[in-house]
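First the structure, in the form of structure tokens, and then the observations on it.
The values are calculated or read from the model by the stated rules, or taken from the named source; none is laboratory data. These numbers come from a predicted model, not from an experiment. Cβ sites come from the backbone with ideal geometry, for glycine too, and all protein chains shown count toward neighbours. Protein only, heavy atoms only, side chains kept; ligands, DNA and RNA dropped before computing areas. Shrake-Rupley method; radii C 1.70, N 1.55, O 1.52, S 1.80 Å.
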Amino acid sequence: MTTDGPDRTAVPAGLARAGVPSRLIGEILLLLYRGFGHAVAPLLPLLFARRARRGKEDAGRRGERFGRASRPRPDGPLVWLHAASVGEMNASRPLVRALRQRGLVVLLTTGTVTSARIAAAEVDPGVIHQFVPYDTPPGIDRFLDHWRPDLAITAESEIWPTTISSLARRGIPLAIASATMSPRSAKGWRRMRPFARAIFSRIPLCLAQTPEDGERLSEFGAPQVEICGNLKFDGGDLPVDASALDALTQALAGRPVWLAASTHEGEETLVAEVHETLREDLPGLLTVIVPRHPERGAAIADTLAAQGLRLARRSQGLLPDPDCDIYLGDTIGEMGLYYRIAPVAFIGKSLVPEGGQNPLEAARLGAAIVTGPHVFNLLDIYTPLFTAKGAEIVRDARELADAVRALLGDRRLASERAAIAANVGKAGSGALDASLAALRPLLPPARDPAP
């Protein structure tokens, strides 16, 4: 990533051409994969029921996961944009807005309950949310029969063989935005190279985040690869409800506050340990914990209460009183609120080996960033941040406590680090313009701009 933002550059297609035997093997494997999808389709209701019991599916929208639409298809051109979860959906928002400005209806699909709940707050009637169907021929065929998209766009690394082959059979172009392929993923695809070529050769356009991503995608037969950058750099400020912000700010009454954002299982207890370490040095300290999966709120509350900590859960409509130790932000769609009240933010999914979460949302709202070492899924963002000293790495609860103590004790240091992170984010922008330019030949004719 350069300070001038991403360059829209092409990667030579097909760095290694497949021979006839390899292509034939790949086509056979793809047919077998589709056949397997037909065979397992009758078992998917059992999988859905199991996931629904665990809160990972919305039982009220069961049909969508099997390709049965819950909304009518509107008239006119329609672009299908798929984002796996909350992070990809937030990163895709600028692209959705740009498509709407062209007068195109956007069918937005996601695969998680949390992302669906956030999408439900969308006020634009030209953005329709559905759960993505399982990658089996019956469900995908029903989905495509109903929605008939003019163009499909998927975000980052979502590769579903049946969906990709079904789009190709119908002549519906597919583009991958912010396309990425890690060395680990590439190693896995190389073990089944003919199958990989059968899939990637059916993706007309890959908009890679980095030249390295582009080379890996081209290696597996993607016919057109362009380096457009990461859409996460082009996101705007997370929204906030002004009245909620005012109420929470008043409740804090000048208390020192820090935030543990997007935490995963195993991190909340470490954050609680940090709070207990710091509260004598920082009287009135409030620690805000926002789990990546809000449905874990009750379990987290029980665990921390058993440690003697006093909690208030936002999902219960509570505000922190002066005696509250932990404010548990177990709600959906309020990250813009939490980042605005905390000058210091630890970004979770990083003290456990899960790969990290996007720190740019915190940077844009003026929070000094602290992270664990496990950020391998977001090196294109974290590497320039670390180089510029716009984020600090901690490896355990002791180091996290030291970092939070230093930043809360020195607001100038916290502000300087936040400003560096914000500048790194601005320097990396440009992916949206580059992506739209590359997508232009595939876009359906524009209509009157959306209101």
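In the stretch 288-306, the residues that are under 21 Å from K56 (Cα atoms) form Cβ pairs under 7 Å with partners that are in a loop (DSSP other than H, G, I, E, B) and of a type in the set (A, V, I, L, M, F, W, C), at six or more places apart or across chains, as follows: P294/I332.
Being open to solvent by 10 Å² or more (accessible area, probe 1.4 Å) and within 23 Å of the chain's Cα centre (by Cα): is that true of D150 here? In short, no.
Would you check if V132 is more than 27 Å from Q357 (Cα to Cα), among the β-branched types (V, I, T) and modelled with pLDDT of 95 or more? In short, no. For first residues located in the stretch 392-418 and more than 19 Å from L365 (Cβ to Cβ), partners that are of a type in the set (S, T, Y) and lie 6+ apart or on another chain with Cβ distances below 7 Å form the pairs I393/T371; A401/T277. If I filter the stretch 79-101 for residues that are over 23 Å from Q357 (Cβ atoms) and assigned to a loop (DSSP other than H, G, I, E, B), do I get at least one hit? No, the stretch 79-101 contains no residue that is over 23 Å from Q357 (Cβ atoms) and assigned to a loop (DSSP other than H, G, I, E, B). If you check E64 against the conditions, is it of a type in the set (D, E), open to solvent by less than 60 Å² (accessible area, probe 1.4 Å) and either touching a Ser or Thr at 6+ places or on another chain (Cβ under 8 Å) or not in a loop (DSSP other than H, G, I, E, B) (or both)? Judged against the criteria, E64 is a match.
Which one of these is over 26 Å from T180 (Cα atoms), modelled with pLDDT of 90 or more and crowded, with 16+ Cβ neighbours inside 10 Å: F36, F48? Only one candidate passes the filter, namely F48.
Among residues of the stretch 324-338 that are within 11 Å of I118 (Cβ to Cβ), those with a Cβ under 6 angstrom from a residue that is of a type in the set (K, R) and not in a loop (DSSP other than H, G, I, E, B), sequence gap 6+ or separate chain, pair up as T331/R314; I332/R117. For the stretch 203-234, what are the residues that are modelled with pLDDT of 95 or more and polar (S, T, N, Q)? S218, Q224 - these are the residues of the stretch 203-234 that are modelled with pLDDT of 95 or more and polar (S, T, N, Q).
Selection of the stretch 163-184 for residues being in contact (Cβ under 8 Å) with a residue 40 or more places away in the chain, open to solvent by less than 10 Å² (accessible area, probe 1.4 Å) and hydroxyl-bearing (S, T, Y) yields S165, S178. The set of residues in the stretch 86-111 that are under 21 Å from I332 (Cβ atoms), small (G, A, S) and surrounded by fewer than 24 Cβ atoms within 10 Å (Cβ to Cβ) comprises G87, G111. Residue check: is P320 assigned to a loop (DSSP other than H, G, I, E, B) and surrounded by fewer than 14 Cβ atoms within 10 Å (Cβ to Cβ)? Answer is no for this residue. In the set (1) open to solvent by less than 30 Å² (accessible area, probe 1.4 Å); (2) in a helix (DSSP H, G or I), A298 fails one condition alone, (1).
Is it the case that the stretch 74-85 has a residue that's within 19 Å of V113 (Cβ to Cβ) and open to solvent by 30 Å² or more (accessible area, probe 1.4 Å)? Checked the stretch 74-85: no residue is within 19 Å of V113 (Cβ to Cβ) and open to solvent by 30 Å² or more (accessible area, probe 1.4 Å). Residues in the stretch 34-61 that are outside any loop (DSSP other than H, G, I, E, B) and over 18 Å from R142 (Cα atoms): L46, L47, A49, R50, R51, A52, R53, A59, G60.
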